[in-house]
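A short worksheet on the structure shown next.
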Amino acid sequence: MLRQPDVRGDFPGLLTPDGAPWHYLDTAATAHKPQAVIDAMSHALGRDYATVHRGVYARSARMTLGFEAARRRVAEFIRARSASEIVFVRGATEAINLVAASWGGSVLQAGDRIMLSMLEHHSNIVPWQMIAERTGAHIDVCPLTEDGRIDLDALETMLTPQHRLVALAHVSNVLGSVLDARRAADLAHGVGAKLLLDGCQAAPRMVLDMAALDCDFYAFSGHKLYGPTGIGVLWAREELLDAMPPYQGGGAMIDRVSFARTTYAPPPQRFEAGTPMIAEAIALHAAVDYVAALGPDKLFAHEAALASQLRDQLRGLNSVRLLGPEDSAGIVSFVMEGVHPHDLGTILDEENVAIRAGHHCAQPLMEHLGVPATARASFGLYSDESDITALMRGIERTQRIFG
Ligand code: PMP
C-alpha cells in the first residue's frame, strides 16, 4: 500500500469546503489533481503563457520547448519508440474518433468487419458504428466470461480474415476487468487485423509499454491520469500514422497551402490542426511525472487491494450483488436489492462519500447484466481504508432507511 497521508495532502480537492475529508470514490470518471499539476497549469496559463510553434519571441520558443517536452515525456511514460508517435487530442473520445474517421475511413470497405466487446464504453462503440455506416463494414461483439472479462476464447473462434480491427478496453470502466492485451494482440494479428486498446482506465494504474502490449493504437485521457481535462493521447505505430490522412484541417497541420493544392505535415502535426492544448500538455507532463515517481505498478497493487477489501465487506451484506471479476483493477460495481443506485448515491453524498451511479456510458453492458444501472466505487492513488469505512457506513445507513 502507498503511504496515504503523504499523498493525500497533495490533493486540495479531497476536502469538503469546510475542510472535512471528502471520500472521493469516482476516480474512474475523473481523477483529482495533485498541487504540482494545478501549479503547472497555473504557470502555463499565467507567467509563462504564449502560443507555440511561432517562436519569433523568446517566450513562445520556451512554450514550444515545454509543449514538445510534454510529448517526449508521454512517449517515455508509455515506452513508445518515438515522440512522433504521440498525437495530442482532446481525450480518449477524440482519439478513437480520429482513428475511426482517418484510419477507418481510408481502409474499411463494404464487407470488412470490426470486433468490439460487450463491455465497451460508448466512446469505443459509437465512432465505429458511424464509420461502419459510412463504409459498409459490419460490427461484431465479443461476449464476456461469466465473471465479466472479455472472452478471448470466444474472440479466437469469432475472428475471421474479414476482420480489419479489434477495439477493446484494456481495463473496463464498469467491472475493472483487465484484458490479457498480449493475447488479444496475437489473436487480432493472427487474422491480419489491427488492435486498438482503449487505455482510459489502464493508463492511470498500469505500467504501459507499447512494444510489450504489441497493439497498434492506444488511447487515453489526461484527466483520468491526474492531469487536466481537454487533453488526451493517441499513440499509434509510426507506419500507421504515416499512412493515415488528416482528421481535421486547419493551421499547424500543413506543409504548404495554395488554392491549387495543399500538402500536409508529417505526423503527429498532421493530426493536430489548430492551436493545441498548450497549458494542458504542460500540466499533463507534471501529472506523468507525479504518477511515474510513485510507480504505476504500485498504484495498481494499492487500488486492487482496496477493491478486494471492499468486495469482501460487500459480500457480507446479503442485499448486495457484486459484478465483475474478483481480481479487478481498483473499480467495484454492485447493485443493492430494492435500492436504486441513484438513491444510494444521494444518501452517500450526505456522508461526504462520492460514488458513481448510472450506466457509466456502457448501456449494452447494462443490458447484458440485466440491470438499468450500477453503483460504482472506484479508487485512485489517494484512496485508503477510511474511504471504505465511510462507504460501508453509508451503505448500512441506506439499508436501514430502505428497511
Ligand atoms: N473509455 C473508457 C474505458 C472510459 O472510462 C472513458 C471515460 N469514462 C472513456 C473511454 C472516454 O473518455 P473521455 O470522456 O475522457 O474522452
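Bear in mind these aren't lab numbers, they're just calculated from the coordinates by the rules spelled out. The structure presented is a predicted model; accordingly, all values stated were derived computationally and were not measured. Methodologically, a virtual Cβ is constructed for each residue, glycine included, from the backbone with ideal geometry; neighbour enumeration extends over all protein chains shown.
So the values come out like this:
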read-out	value
For Ala265, residues with placed amide H under 5 Å, excluding near neighbours	Ile254, Asp255
Net charge, Ile131 excluded, C-beta distance under 13 Å - Lys, Arg +1, Asp, Glu -1	+1
Helix-only [θ]222 nm of the chain, DSSP H runs n ≥ 4, -39500 (n - 2.57) each, per residue, nearest 500	-11500 deg cm²/dmol
Approximate spin-label separation Asp186-Asn352, in nm, with each point projected 7 Å along Cα-to-Cβ	5.0 nm
Pairwise label distance in nanometres, Arg315 with Ala211, each label 7 Å out on the Cα-Cβ vector	4.0 nm
Net length gained if the chain between His43 and Ala293 were fully extended (0.36 nm per residue, minus Cα distance)	87.9 nm
Inter-label distance, nm, simple model (7 Å from Cα along the C-beta direction), Met130/Met366	2.2 nm
Considering only the chain, percent of DSSP beta bridges that pair antiparallel, nearest 5	60 percent
The chain: most fluctuating residue of Gly13, Gly222, Gly330 per GNM, C-alpha cutoff 10 Å	Gly13
Computed over the chain, the ratio Rg/Rh where both radii use C-alpha atoms and Rh is Kirkwood	0.99
Cα centroid separation - region 9-76 against region 204-269, whole Å	20 Å
Radius 12 Å from Cβ of Val291, net charge of other residues (Lys, Arg +1; Asp, Glu -1)	+2
Cut-off 13 Å (backbone N to label point 7 Å along Cα→Cβ of Ser60), residues of region 232-265	252
Relative contact order of region 40-293, pairs being alpha-carbon contacts under 8 Å that are 6 or more residues apart, as %	24 percent
Equivalent ellipsoid dimensions for region 278-403 as semi-axes, Å, which come from the Cα gyration tensor, largest first	28, 17, 15
Residue-span extension gain [Ser84 to Thr275] - 0.36 nm each, minus C-alpha spacing	67.0 nm
Estimated vicinal HN-Hα couplings, Hz - region 199-212 in sequence order (Karplus 6.51, -1.76, 1.60; Gly, Pro = x)	x, 3, 9, 8, 4, x, 9, 9, 6, 10, 9, 4, 5, 5
Eligible lysines near Lys33 by straight Cα distance, threshold 22 Å, same-chain separation 8 or greater	Lys224, Lys298
Stretchable slack from Glu396 to Glu238, in nm (0.36 nm times residue separation minus alpha-carbon distance)	51.6 nm
